[in-house]
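Here is the structure we will look at, set down as structure tokens.
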Amino acid sequence: MEEIEIRVTARKERGSRVARRLRHEGKVPGTLYGKGVAPTPIVMSAVELERALSRGGRMLSVNLDGNQLKAIIREVQHSPLTDRILHVDFHRVILTEKVTVPVRIEMLGQPKCQPEEGVLELHMSEVTVECLPTNLPDKLVIDMRNMAPGDVLRIRDIALPSGVTALEDPEEPVISIVRPAEEVEVKPPEEGAEPEVIGKVKEEAEEETEEKQKEKPEKTK
């Protein structure tokens, strides 16, 4: 797991107006919290934060006004319109204590079937794991190249790094290749054939019964 350093500064000013001003200045507001640390409002360079996120690392060496802390990125809030980073939460960790963190799933390759033979369904995009911070993976790679229609890959099938435990139900499906539903063939009526009418069938049945009654010989007195 790659460790990235980022410089942050504690901030005293709070509020939405302050946050907008910081973003206008090319900075991102955030919060640092965790064991042994009171929730601390912080601010950092937007360029430096985006560079750290682009490198994919989850473990960060946070330089808080000259003090080095180990932290993981817990949450990043983006603007729904521009995808601009609005806020970020860092969670301070102790290297000898386990953490519980969701890890994203990355799919490798393509199933060995044509699109018309099977449809890929992704049931979850991340898996919650428990491990020491030093063992925390940046992502979980799932190889789909050997999957065929009808196959289901479950939590228990994911190859986890040493020291990492998945907290989800082992039988929970992650990815499946679903066969397309079979089409029911509806045959058109034969040419010249008349549709069956319930009333007409009933009428014909009554006429047939009357004819049979007439054919019976009368009993002699």
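Every number here is computed from the coordinates shown, using simple stated rules; none is lab data. Fair warning: this is a prediction, and the values are worked out from it, not measured in the lab. FYI the Cβ positions are ideal-geometry reconstructions off the backbone, even for glycines, and counts take in every protein chain you see.
Tell me, yes or no, whether the range 47-68 has at least one residue that is on the phi < 0 side of the Ramachandran plot, surrounded by 15 or more Cβ atoms within 10 Å (Cβ to Cβ), free of Cβ contacts under 8 Å to residues at least 24 places away in the same chain and not in a helix (DSSP H, G or I). Checked against the condition, which is being on the phi < 0 side of the Ramachandran plot, surrounded by 15 or more Cβ atoms within 10 Å (Cβ to Cβ), free of Cβ contacts under 8 Å to residues at least 24 places away in the same chain and not in a helix (DSSP H, G or I), the range 47-68 yields no hits at all. Report every pair of residues separated by at least 6 positions or lying on different chains whose Cβ atoms are under 9 Å apart, first residue within the range 85-101 and over 18 Å from A52 (Cβ atoms), second among the acidic types (D, E). Final answer for the pair search is K98/E130; V99/E130; T100/E130. In a residue-by-residue description of the range 11-34, the property of being within 27 Å of S162 (Cβ to Cβ) and loosely packed, with under 13 Cβ neighbours inside 10 Å applies to no position.
The residue of the range 90-104 that is nearest to G163 (Cα to Cα), among those that are of a type outside the set (A, V, I, L, M) and part of a strand (DSSP E or B), is T100.
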